[in-house]
1. For the chain, what's the relative contact order in percent, using C-alpha pairs closer than 8 Å and at least 6 residues apart?
2. Ranked from highest to lowest mean number of other Cβ atoms within 10 Å per residue, what is the order of the peptides 136-148, 52-64, 30-42?
3. Evaluate the relative contact order of region 94-186 (contact order divided by residue number), counting alpha-carbon pairs under 8 angstrom at least 6 apart; express in whole percent.
4. Order of 118-129, 211-222 by packing, highest average Cβ count within 10 Å first?
5. How big is the Kirkwood radius of the chain, worked out from every pair of different alpha carbons and given in Å to one decimal?
6. Kirkwood Rh and Cα-based Rg: tell me the resulting Rg over Rh for region 66-175, rounded to two decimals.
7. Calculated from DSSP H runs of 4 or more alone, at -39500 (n - 2.57) each and per residue, what is the 222 nm mean residue ellipticity of the chain, nearest 500?
8. Please work out the ratio of the alpha-carbon Rg of region 106-152 to 2.2 N^0.38 Å and round it to two decimals.
Amino acid sequence: GRRTLLGSGASSLGLGLVGRADAADSLHIVYANSFPPVSYLEGGAMKGVLVDVLDEVLARRMGLTLRHDGLPWARAQDLVKDDGADAYCTNKTEARAAYCNFGAEPVISMNYVVFYARANPKAEAIRRIMTLDDLSGFSQGDYLGNGFAEINFKALKIDWAPSMEQVFAKIVAGRNDISVAIELVGKWTARKLGLTDQLGILPVSLSPSSEFRLAIRRSFAGNEALL
C-alpha cells in the first residue's frame with residue numbers, strides 16, 4: 001500500500017503541481033494518538049506509518065507544510081467534522097464521506113483478526129469462529145471511534161473503551177472474550193503491554209482488508225485538486 005501511494009505521488013510531480021494549483025499550501029492533519037505503529041504520540045510528537053508516508057508524499061514531494069496532531073480518535077474525527085482540522089487518514093464510511101472527500105489510493109492496507117485470552121474458558125469455542133454471525137456468542141470489546149466496528153457490528157453489544165490498550169487489558173482480565181482488531185496494531189499493542197504470550201490470534205477472514213485513505217474535509221478550499 002505504501003509503495004502504491006508513493007508511486008502515485010511521484011507521478012503527480014510530472015505535472016509540476018499544476019493539478020493542485022488552486023489547493024492550499026498547508027494542511028492540518030489529525031490522527032489517533034494511541035494506535036501504534038500506525039499513529040502514536042511519543043515525546044510530544046506524532047509518529048507512525050501514516051505520519052511517515054504523508055510527510056514523504058505531501059511535504060517532501062508536493063511541498064506542503066503539514067501540521068500533525070494526535071488526539072483520542074473520536075475527538076480527532078469530530079475536529080475535522082467541525083472544521084477545527086483539515087484532514088485525517090482512515091477507512092471510508094458513509095458518515096465520514098458526508099463531510100470529507102477521500103483519496104483514491106490507500107495509504108496502508110491492513111487485515112483484521114480476532115484477539116482473545118488464551119486462558120479464557122471459551123478459548124476452544126472462540127477458535128471455531130468462522131463468520132460474523134459466530135461473534136454473537138462472545139462478549140466483545142473495541143475502542144471508541146472505530147468506524148469498522150460501528151458499521152459491521154451494529155447488531156452486537158460492544159464494550160467500548162478509550163484505547164486498544166484498555167480493550168486488551170479487559171480481555172486478559174476476563175471482562176470480555178474477544179476483540180476484532182487490525183493485526184498489525186493488535187500485535188504491537190500486545191507486545192507493548194507484555195501480553196503477547198497471554199493473547200491468542202485467530203486469523204479468520206471476517207471482512208475485506210482495512211484501507212486507510214487520506215480524507216480532507218469538503219469545506220477545505222481546493223480539497224479535490226489536492227487529493
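1. Details: 404 pairs, mean separation 67.1, N = 227.
Computed value for the chain: 30 percent relative contact order.
2. 30-42, 136-148, 52-64
3. It rounds to 40 percent for region 94-186.
4. Descending mean neighbour count gives 211-222, 118-129.
5. 18.5 Å
6. That ratio equals 1.01.
7. Details: 9 runs with 65 residues, N = 227.
Using -39500 (n - 2.57) per qualifying helix, the result is -7500 deg cm²/dmol.
8. Numbers: Rg = 12.6 Å, N = 47, 2.2 N^0.38 = 9.5 Å.
The value comes to 1.33.
The values are calculated or read from the model by the stated rules, or taken from the named source; none is laboratory data. Because the structure is a prediction, the values reported are computed rather than measured. All Cβ positions, even for glycine, are placed from backbone atoms using ideal geometry, and neighbour counts span all protein chains on display. Accessible surface is based on the protein model in full, side chains and every heavy atom, while ligands, DNA and RNA are left aside. Shrake-Rupley method; radii C 1.70, N 1.55, O 1.52, S 1.80 Å.
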